[in-house]
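Engineer: Quick one: the structure is below, and I'll ask about it shortly.
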Amino acid sequence: MHTTKLLIVFLLSSLSLFAQCDGKFSFLGFDKPPFNSIDQNVTHNSVIWHQENNGSWSLSNDLDCTKSGYMLLSAPTTPLPTTPYKDEIYTLKKGWNALVSHKDGIDVVKTFSPYAKSIAFVYTYDPLSQLWAGYSPQKELMQKILSTHLLGLKSVEPQQNIYVYAKQEVQINIESIRPNETCQKLVADTQKYAFLVDSGLDAKEVSNKENTMSLRSRYNAHFIRGIYDDTRVMLIYPKLKIKSKKRMNYGPVVPKVALRFAKEYEGVDFYMFDYKDQECYQGLFPSMKKPPVPALKKLSEK
């Protein structure tokens, strides 16, 4: 009973403190300040940034309402967008901008690194780990981001929420991650090849309409420790006439995927583009004569 009373007092004092800061702090991922759910969000995963009078940013464990700033709380309520962004430029206003990632995804480092004078922070949220991933083109701020439990942000897949803090109005040229020239030539040969793309964010597989080929990415968003990256993989496979109902399984580690394919594909070459390392690979659907290999062959650019 005593512990419960202390918790209630803490939550009420937190609500009062947050109310005093109303209008001074932004809560990324929330349409309005989450006062009603503060008991769920005051966790070790929360991060508080204060902006000093000279415009510099500092991390803190305590909320200071004499300053302005923003908070990163776990479990934001903003739903994922229903459509990705198709333009090649972001037009940003001064302050926070809530954006949708590009239809081909965003290479965050390549996109925002040229704008160190205009951009302070870029964030997205990983619901699986309940952690925010952040990037700053300013070296000092990036070091501060990495000094916390925040993930380092490298890239964002299509149709995701991103939050960008601009110090001034600016237009940003978007750099997306697309198949390199070697794999792109294969994709363009629609008479010979078909392709599937899957993301590891949903932990589900994708299949062609005939259900003769399935692909599942086994990457997590932060597969490399502490770095949030693209989890997509693209499988490029030849078009064959399929009569059998038998399906085979294959799960190479490089790239980290799971394949399910019709028996007719045994011993046939396929190709794969890994969006994480942006490399094109060649593989062989295993058979009794050709056993599975753990790593596919990396192809050099032609």
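The values are calculated or read from the model by the stated rules, or taken from the named source; none is laboratory data. Everything numeric here is computed off the predicted structure, so don't read it as measured data. Glycine also receives a Cβ, built like all others from the backbone with ideal geometry; neighbour counts cover every protein chain displayed. In case anyone asks, the SASA skips ligands and DNA or RNA and just uses the protein heavy atoms, side chains included. Shrake-Rupley method; radii C 1.70, N 1.55, O 1.52, S 1.80 Å.
Engineer: Give, as residue ranges, the strands (runs of 3 or more DSSP E) completely inside segment 17-131 that count at least 1 residues that are modelled with pLDDT of 95 or more and out of contact with any Phe, Trp or Tyr (no Cβ under 6 Å at 6 or more places or on another chain). Please lay out each step first, then the result.
Structural biologist: Values: elements: 25-27, 47-51, 57-60, 68-72, 89-92, 95-100, 119-126.
Of the strands (runs of 3 or more DSSP E) lying wholly inside segment 17-131, those with at least 1 residues that are modelled with pLDDT of 95 or more and out of contact with any Phe, Trp or Tyr (no Cβ under 6 Å at 6 or more places or on another chain) span 89-92, 95-100, 119-126.
Engineer: Which of the residues that make up segment 205-230 are touching a Lys or Arg at 6+ places or on another chain (Cβ under 7 Å) and touching a residue at least 60 places away in the same chain (Cβ under 8 Å)?
Structural biologist: Matches in segment 205-230: 227, 228, 229, 230.
Engineer: Output the residues belonging to segment 154-179 that are within 15 Å of the chain's Cα centre (by Cα), within 14 Å of residue 137 (Cα to Cα) and in a loop (DSSP other than H, G, I, E, B).
Structural biologist: Once the filter is applied, which keeps residues that are within 15 Å of the chain's Cα centre (by Cα), within 14 Å of residue 137 (Cα to Cα) and in a loop (DSSP other than H, G, I, E, B), segment 154-179 yields only 154.
Engineer: Just one of 273, 285, 261 is within 26 Å of the chain's Cα centre (by Cα) and either of a type in the set (Gly, Ala, Ser) or surrounded by 19 or more Cβ atoms within 10 Å (Cβ to Cβ) (or both); which is it? Please lay out each step first, then the result.
Structural biologist: Values: 285 fails: within 26 Å of the chain's Cα centre (by Cα); 261 fails: within 26 Å of the chain's Cα centre (by Cα).
Going through 273, 285, 261 in turn, just one is within 26 Å of the chain's Cα centre (by Cα) and either of a type in the set (Gly, Ala, Ser) or surrounded by 19 or more Cβ atoms within 10 Å (Cβ to Cβ) (or both): 273.
Engineer: Still on this structure, I have one more. What residue, among those in segment 177-202 that are aliphatic (A, V, I, L, M) and touching a strand residue (DSSP E or B) at 6+ places or on another chain (Cβ under 8 Å), is modelled with the lowest pLDDT? Step through it out loud before you land on a result.
Structural biologist: The initial filter retains those residues of segment 177-202 that are aliphatic (A, V, I, L, M), namely 177, 186-188, 194, 196-197, 201.
Of the ones still in play, those that are also touching a strand residue (DSSP E or B) at 6+ places or on another chain (Cβ under 8 Å) are 177, 186-187, 194, 196-197.
Details: 177: 93, 186: 97, 187: 97, 194: 98, 196: 98, 197: 98.
Among those that are aliphatic (A, V, I, L, M) and touching a strand residue (DSSP E or B) at 6+ places or on another chain (Cβ under 8 Å), it is 177.
Engineer: While we're looking at this one, here's another question. Report yes if residue 162 is farther than 24 Å from residue 59 by Cβ, touching a strand residue (DSSP E or B) at 6+ places or on another chain (Cβ under 6 Å) and open to solvent by less than 30 Å² (accessible area, probe 1.4 Å), otherwise no.
Structural biologist: Details: farther than 24 Å from residue 59 by Cβ: no; touching a strand residue (DSSP E or B) at 6+ places or on another chain (Cβ under 6 Å): yes; open to solvent by less than 30 Å² (accessible area, probe 1.4 Å): yes.
Answer is no for this residue.
Engineer: Let me ask you something else. Please go through segment 285-302 and pick out each residue that is under 15 Å from residue 256 (Cα atoms), in a loop (DSSP other than H, G, I, E, B) and aliphatic (A, V, I, L, M).
Structural biologist: Correct list: 293, 296.
Engineer: Would you check if there is a residue in segment 221-237 being among the charged types (D, E, K, R), open to solvent by 40 Å² or more (accessible area, probe 1.4 Å) and not in a loop (DSSP other than H, G, I, E, B)? Don't jump to the end; show me each part of the working.
Structural biologist: Residues of segment 221-237 among the charged types (D, E, K, R): 225, 229-230, 232.
Going one step further and asking which of them are open to solvent by 40 Å² or more (accessible area, probe 1.4 Å), we end up with 225.
Imposing the further condition that a residue be not in a loop (DSSP other than H, G, I, E, B) reduces the set to none.
No, segment 221-237 contains no residue that is among the charged types (D, E, K, R), open to solvent by 40 Å² or more (accessible area, probe 1.4 Å) and not in a loop (DSSP other than H, G, I, E, B).
Engineer: Tell me, please, whether a residue that is touching a Ser or Thr at 6+ places or on another chain (Cβ under 7 Å) and open to solvent by less than 70 Å² (accessible area, probe 1.4 Å) can be found in segment 184-191. Quick ask: steps written out before the conclusion?
Structural biologist: Looking only at segment 184-191, we keep the residues that are touching a Ser or Thr at 6+ places or on another chain (Cβ under 7 Å), and these are none.
For segment 184-191, residues touching a Ser or Thr at 6+ places or on another chain (Cβ under 7 Å) and open to solvent by less than 70 Å² (accessible area, probe 1.4 Å): absent.
Engineer: Among the residues of segment 66-110, write down those that are in contact with an Asp or Glu (Cβ under 8 Å, 6 or more places away or on another chain) and charged (D, E, K, R).
Structural biologist: 67, 93, 94, 107, 110
Engineer: What about residue 167, is it out of contact with any Lys or Arg (no Cβ under 9 Å at 6 or more places or on another chain), surrounded by fewer than 18 Cβ atoms within 10 Å (Cβ to Cβ) and among the charged types (D, E, K, R)? Steps first, please.
Structural biologist: Working: out of contact with any Lys or Arg (no Cβ under 9 Å at 6 or more places or on another chain): no; surrounded by fewer than 18 Cβ atoms within 10 Å (Cβ to Cβ): yes; among the charged types (D, E, K, R): yes.
Considered against the rule, which asks whether it is out of contact with any Lys or Arg (no Cβ under 9 Å at 6 or more places or on another chain), surrounded by fewer than 18 Cβ atoms within 10 Å (Cβ to Cβ) and among the charged types (D, E, K, R), residue 167 comes out as no.
Engineer: Within segment 78-95, can you find the residues that are over 17 Å from the mean Cα position of the chain (by Cα) and surrounded by fewer than 18 Cβ atoms within 10 Å (Cβ to Cβ)?
Structural biologist: First, pick out the residues of segment 78-95 that are over 17 Å from the mean Cα position of the chain (by Cα): 86-95.
86, 87, 88, 89, 91, 93, 94, 95, listed by residue number.
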